[in-house]
1. Only one residue in Glu136, Glu175 is among the acidic types (Asp, Glu) and touching a residue at least 12 places away in the same chain (Cβ under 8 Å), so which one is that?
2. Filtering the range 167-194 down to residues that are more than 30 Å from Glu38 (Cα to Cα) and in a loop (DSSP other than H, G, I, E, B), which residue is modelled with the lowest pLDDT?
3. State whether the residues of the range 156-166 include one that is outside any helix (DSSP H, G or I), of a type in the set (S, T, N, Q) and at pLDDT 95 or above.
4. Go through (1) under 18 Å from Asn32 (Cα atoms); (2) exposed (fewer than 15 other Cβ atoms within 10 Å of the Cβ) for Ser47 and report which single condition fails.
5. If the Cβ limit is 8 Å and pairs must be 6+ apart or interchain, which residue in the range 56-70 that is part of a loop (DSSP other than H, G, I, E, B) pairs with which residue that is among the hydroxyl-bearing types (Ser, Thr, Tyr)?
6. Of the conditions (1) in contact with a strand residue (DSSP E or B) (Cβ under 8 Å, 6 or more places away or on another chain); (2) outside any helix (DSSP H, G or I); (3) among the charged types (D, E, K, R), Glu77 clears all except one; give me its number.
7. Among the listed residues Asp218, Asp198, identify the single one that is in the same structural domain as Ile165 (by TED's automatic domain parsing), over 30 Å from Ala137 (Cβ atoms) and assigned to a helix (DSSP H, G or I).
8. Taking the range 168-183 on its own, how many of its residues are in contact with a strand residue (DSSP E or B) (Cβ under 8 Å, 6 or more places away or on another chain), surrounded by fewer than 20 Cβ atoms within 10 Å (Cβ to Cβ) and of a type outside the set (Val, Ile, Thr)?
Amino acid sequence: MAVQCAAKSEVAPQDRFDYFWNLRGEWVEEPNVRRGGESGVQRVLGSNGQLLYTKRQTGHIYRSWRYPFGRPTVLRELDALTGMHLLGVRVPEIVFCGAQRDPVHKWRALLVTKALDGFEELQHWYAGGGRERCGEAVHDRVLQDLAENLARMHKARWQHSCIYIKHVFVRVTGEGEAAKVEVALIDLEKCRQRLTADRAAAHDMKQLRRHSSFSPTDWRKLVYFYETAFGSAIKGL
């Protein structure tokens, strides 16, 4: 059994896996079969009424040269989330992560994170008139904060590997020059470190371009902010 707990809790350490495993709520990502097992995400309420997201997996593993026999994918995501926090990249806060084998020798695994209070998908923010409401100066800061978070991640050789626009969240508080802009990244399940920062950067930025609807002008701004933060140009952008 492998268990990591990343936050204080009223639940005894030896009971935490079962406690979170038995919490039930609304499915925000229905269980799907992949990687030889099932994986889904539920929105639940913790013991203190806090909104949490629970990624629940059974037999859902990945293999690598370090783990040729397989390792629960939530543990890879835990590694990535921990790394992002150390870098100052805005990602969900870990509440609990654990993995154990069930009686038939399949991995059961959990990753529980706090909700990103006040954040919404960037596409939803656009659709809800956020850009028009906040103005172009604030929108430029949204692009800049996204670029700077991505650059910090890539400079440490981390590659998100699934950087679709639906995985970019934004929160804007205040108005005008006093507005505070924060961008966060979610779903780091496939995140891994590459041999070089350039490889991580090229992969993710090309993927984001394909899986977003930024206008040519907005994309040029994003690339400008990104390359300024990264410190060099990225081939092929």
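The values are calculated or read from the model by the stated rules, or taken from the named source; none is laboratory data. These numbers were taken from a predicted model, which means no experiment stands behind them. Methodologically, a virtual Cβ is constructed for each residue, glycine included, from the backbone with ideal geometry; neighbour enumeration extends over all protein chains shown.
1. Working: Glu136 fails: touching a residue at least 12 places away in the same chain (Cβ under 8 Å).
Criteria check complete, one pass: Glu175.
2. Glu175
3. Initially, the range 156-166 is screened for residues outside any helix (DSSP H, G or I), giving 156-164.
Now restrict to residues that are of a type in the set (S, T, N, Q): 159, 161.
Next cut, at pLDDT 95 or above only: 159, 161.
The answer is yes, given that some residue of the range 156-166 is outside any helix (DSSP H, G or I), of a type in the set (S, T, N, Q) and at pLDDT 95 or above.
4. With (1) under 18 Å from Asn32 (Cα atoms); (2) exposed (fewer than 15 other Cβ atoms within 10 Å of the Cβ) applied to Ser47, the lone miss is (1).
5. Matching pairs, first to second residue: His60/Ser39; His60/Thr73; Gly70/Tyr62.
6. (2)
7. Working: Asp218 fails: over 30 Å from Ala137 (Cβ atoms).
Testing whether each residue is in the same structural domain as Ile165 (by TED's automatic domain parsing), over 30 Å from Ala137 (Cβ atoms) and assigned to a helix (DSSP H, G or I) leaves just Asp198.
8. Count: 5.
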